[in-house]
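Q: My questions will all concern the structure given below.
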Amino acid sequence: MTNSLSLLKEPGYISNPSCISIGRNVTVQGGYYWNILESASGSTPELTIRDGSRIEAGLHVQCSHKVHIGRNVKIGPNVSLTDSTADADQPGYPAWAQPANNINTCGELIVGDGSIIGAHAVINRAVKIGKFSIIEPNSVVVDHIPSFCRVSGNPAVVTQVFVPELLEWVKVNSDTERESALARRIEHPLLSIVIPTYNRVQHLSNNLQSIYKQVSDEDLVEVVVSDNASTDHTLEVGRVYANLYSSFHYSHNEQNIGGDLNIDYVSTLAKGSFIKLQGDDDYWLNGALIDFIGILLEHLDCALIHTMPFLPDNRVYTLEGGDLFLAHTSNNAMQISMNTMKRSVWDQIEDKSKYAYTSINQIYWFYEILMIDPKFCMINHNFHLNAGIAPEGYNIGEVCIKHFLDALHHYEGRTLKRETIHEEKKKRFYNVILPLYGTIVRNKFPSDVSNLERYYTDYYANEDYYEDGLLKLREISVLQS
């Protein structure tokens, strides 16, 4: 019933524990009363609580068919959830307080991921509460609630709608105002996941599955794919998803314009307030996109958001300035899937393709962004499963040494200090270049490592550790023979 990493505190009552499923890292305070009833249709009733949810004391659940509490839901004290309806029910009287012969048990009560239910609230029938919605304390919900909406009252009505275009909650006083606010989200979502791709149809398909499995057709998330003139079946996959989801947008380049220009182009197609760069071979882990959106909503004032999968302590913090960004991200900023940009700031970059020849054009974007708005967010958490494709399509020495260090020196005295660059330069060689070169050689990856020693000499000859580094490079090179 309960995952070993979850906590279900006593005292409490559960009438049928075999019908309950509780995910990881769930906390339920005592005083709960969960009545799992036999279904009139003969089907087995089901109460599920997804990972990361926090439930305060006194949760009353009556489940005749299905009650589903999504991921990272927060439920206040003395809340009542009932998936049943009564033929003669009145607002404020849950089904469990109605005569048994009046009960209708055919529906499902769904509490969407990231939602918040305030103290003493009642959800009084089989309804769907959209993702990241907020139910105010003492409210009585008898109808469906769209995602990213705030409701209150008895019966509860939508009082506020989150509008990404404004990055704020907007008050609505009528159905007309509510529908107008919801319509604005279709044209201007919160998050655009942009995916440049070329001849990786299976990876793209897996990636899209990992996204839509979590957000379905939510109006606050769009997915944009730019197919760089693929010759495989990428076009067919794009058409399938375009037919399935209105939030999916597919573009096909008639000619291959190169990787950097394709990243630039797919980003220009984004309509969201934030642009999430996404490699086609980086799949979202189950539930990770929901986690990411939850963190994003708490850091709407940040111009950049960077994820650190190699420090998975789940720490989330904000910093300012190029020096701290470089110190905390180092080479990881080259990995496009670790980076999300605020579009209103990115739009201010005058020539977004100026350094497209470098294979790391996005590095210039990030430091340009930090010159305009220095605040960024670091998330020490792994959100993706990488397919493990070897580096290809570029020369390792040219990109990882020459172009990267050139980019840093380009911002010296502007948003980066010379000493910060010098520290990164040494750290980069020992922590990035040498391990990467060793991995490529030992695994016989077809990556281009030609002239690596020459690039090293051009950029490191004046460093006091140059001879040591050269020896270590040659030790790895011997393994090639």
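Q: Before we move on, is Asn382 more than 22 Å from Tyr198 (Cα to Cα), among the polar types (S, T, N, Q) and assigned to a loop (DSSP other than H, G, I, E, B)?
A: yes
Q: Restricting to the range 24-55, and then to whatever is within 14 Å of Gly107 (Cα to Cα) and in contact (Cβ under 8 Å) with a residue 60 or more places away in the chain, can you tell me which residue is surrounded by the most Cβ atoms within 10 Å (Cβ to Cβ)?
A: Checking each candidate, the answer is Leu37.
Q: Suppose we filter the range 278-306 for residues that are over 20 Å from Leu204 (Cβ atoms) and among the charged types (D, E, K, R); how many remain?
A: Of the residues in that region, 3 qualify.
Q: Given (1) among the acidic types (Asp, Glu); (2) under 18 Å from Leu297 (Cβ atoms); (3) not in a loop (DSSP other than H, G, I, E, B), identify the lone condition not met by Glu179.
A: Every condition holds for Glu179 apart from (2).
Q: Considering the range 228-244 alone, what residues qualify as being surrounded by 19 or more Cβ atoms within 10 Å (Cβ to Cβ) and either touching a Pro at 6+ places or on another chain (Cβ under 9 Å) or in contact (Cβ under 8 Å) with a residue 24 or more places away in the chain (or both)? Working first, answer last.
A: Filtering the range 228-244 down to residues surrounded by 19 or more Cβ atoms within 10 Å (Cβ to Cβ) leaves 228, 230, 234, 237-238, 241.
Once the filter is applied, which keeps residues that are surrounded by 19 or more Cβ atoms within 10 Å (Cβ to Cβ) and either touching a Pro at 6+ places or on another chain (Cβ under 9 Å) or in contact (Cβ under 8 Å) with a residue 24 or more places away in the chain (or both), the range 228-244 yields Asn228, Ser230, Thr234, Val237, Tyr241.
Q: Answer yes or no: is there a residue in the range 149-159 that is closer than 20 Å to Ser247 by Cα and either in a strand (DSSP E or B) or under 24 Å from the mean Cα position of the chain (by Cα) (or both).
A: Checked the range 149-159: at least one residue is closer than 20 Å to Ser247 by Cα and either in a strand (DSSP E or B) or under 24 Å from the mean Cα position of the chain (by Cα) (or both).
Q: If I filter the range 279-289 for residues that are in contact with a Lys or Arg (Cβ under 9 Å, 6 or more places away or on another chain), closer than 25 Å to Tyr364 by Cα, touching a residue at least 60 places away in the same chain (Cβ under 8 Å) and of a type in the set (A, V, I, L, M, F, W, C), do I get at least one hit?
A: No: the range 279-289 contains no residue that is in contact with a Lys or Arg (Cβ under 9 Å, 6 or more places away or on another chain), closer than 25 Å to Tyr364 by Cα, touching a residue at least 60 places away in the same chain (Cβ under 8 Å) and of a type in the set (A, V, I, L, M, F, W, C).
Q: Could you give every pair whose Cβ atoms fall below 7 Å, whose first residue belongs to the range 126-144 and is over 14 Å from Thr82 (Cα atoms), and whose second residue is modelled with pLDDT under 95, counting only separations of at least 6 or pairs across chains?
A: From the range 126-144, the pairs are Lys131/Glu218.
Q: Does any residue of the range 323-331 turn out to be at pLDDT 95 or above, surrounded by fewer than 21 Cβ atoms within 10 Å (Cβ to Cβ) and within 21 Å of the chain's Cα centre (by Cα)?
A: The answer is yes, given that some residue of the range 323-331 is at pLDDT 95 or above, surrounded by fewer than 21 Cβ atoms within 10 Å (Cβ to Cβ) and within 21 Å of the chain's Cα centre (by Cα).
Q: Hey, does the range 255-277 have a residue that's surrounded by fewer than 21 Cβ atoms within 10 Å (Cβ to Cβ), of a type outside the set (Ser, Thr, Tyr), over 24 Å from Trp365 (Cβ atoms) and touching a Ser or Thr at 6+ places or on another chain (Cβ under 9 Å)?
A: Checking the range 255-277: not a single residue is surrounded by fewer than 21 Cβ atoms within 10 Å (Cβ to Cβ), of a type outside the set (Ser, Thr, Tyr), over 24 Å from Trp365 (Cβ atoms) and touching a Ser or Thr at 6+ places or on another chain (Cβ under 9 Å).
Q: Under 7 Å by Cβ, and 6 or more places apart or on different chains, what pairs join a residue from the range 257-278 that is among the charged types (D, E, K, R) with one that is in a strand (DSSP E or B) and at pLDDT 95 or above?
A: Lys271/Ser192; Lys271/Glu222; Lys276/Leu191; Lys276/Ser192; Lys276/Ile193; Lys276/Val194; Lys276/Thr340
Q: Sticking with this one: Hey, any hits in the range 355-371 for a residue that's modelled with pLDDT of 95 or more, surrounded by fewer than 19 Cβ atoms within 10 Å (Cβ to Cβ) and over 21 Å from the mean Cα position of the chain (by Cα)?
A: Looking for residues that are modelled with pLDDT of 95 or more, surrounded by fewer than 19 Cβ atoms within 10 Å (Cβ to Cβ) and over 21 Å from the mean Cα position of the chain (by Cα), one finds at least one in the range 355-371, hence yes.
Q: Check Leu370 against each of (1) assigned to a helix (DSSP H, G or I); (2) at positive phi; (3) not aromatic (Phe, Trp, Tyr) and name the one condition it does not meet.
A: All conditions are met except number (2).
Q: Let me ask something additional. Out of the residues in the range 199-227 that are in contact with an Asp or Glu (Cβ under 7 Å, 6 or more places away or on another chain) and not in a helix (DSSP H, G or I), which is surrounded by the fewest Cβ atoms within 10 Å (Cβ to Cβ)?
A: Filtering the range 199-227 down to residues in contact with an Asp or Glu (Cβ under 7 Å, 6 or more places away or on another chain) leaves 199-201, 203-204, 207.
Now drop any that are not not in a helix (DSSP H, G or I), which leaves 199-200.
Working: Asn199: 16, Arg200: 20.
Here the residue is Asn199.
Q: Between a first residue in the range 376-397 that is in the same structural domain as Trp365 (by TED's automatic domain parsing) and a second residue that is exposed (fewer than 15 other Cβ atoms within 10 Å of the Cβ) and not hydrophobic (A, V, I, L, M, F, W, C), which pairs have beta carbons less than 6 Å apart while being 6 or more apart in sequence or on different chains?
A: Cys377/Thr318; Met378/Tyr317; Asn380/Asp313; Asn380/Arg315; His381/Pro312; His381/Asn314; Asn382/Pro312
Q: Further question: Go through the range 56-74 residue by residue and tally those that are under 29 Å from the mean Cα position of the chain (by Cα) and either surrounded by fewer than 21 Cβ atoms within 10 Å (Cβ to Cβ) or within 18 Å of Glu108 (Cβ to Cβ) (or both).
A: Here the count works out to 9.
Q: Another one. From Ser337, Ser344, which residue is in contact with a strand residue (DSSP E or B) (Cβ under 6 Å, 6 or more places away or on another chain), under 20 Å from Val194 (Cα atoms) and polar (S, T, N, Q)?
A: Checking each option against the conditions leaves just Ser337.
Q: Residues of the range 182-198 being closer than 21 Å to Phe292 by Cα and either part of a helix (DSSP H, G or I) or at pLDDT below 95 (or both), which ones? It would help to see each step written out before you state the result.
A: Let us first name the residues in the range 182-198 that are closer than 21 Å to Phe292 by Cα, namely 185-186, 188-196.
Selection gives Arg185, Ile186.
Q: So, one more: Please pick out the residue among Ala156, Ala183 that is out of contact with any Pro (no Cβ under 6 Å at 6 or more places or on another chain), over 30 Å from His233 (Cβ atoms) and buried (at least 23 other Cβ atoms within 10 Å of the Cβ). Can you show your working first?
A: Working: Ala183 fails: buried (at least 23 other Cβ atoms within 10 Å of the Cβ).
Among Ala156, Ala183, only Ala156 is out of contact with any Pro (no Cβ under 6 Å at 6 or more places or on another chain), over 30 Å from His233 (Cβ atoms) and buried (at least 23 other Cβ atoms within 10 Å of the Cβ).
The values are calculated or read from the model by the stated rules, or taken from the named source; none is laboratory data. Note that this is a predicted model, so its numbers are computed, not measured. Because the Cβ atoms are built from the backbone with ideal geometry, glycine has one as well, and the counts that use them run over all protein chains shown.
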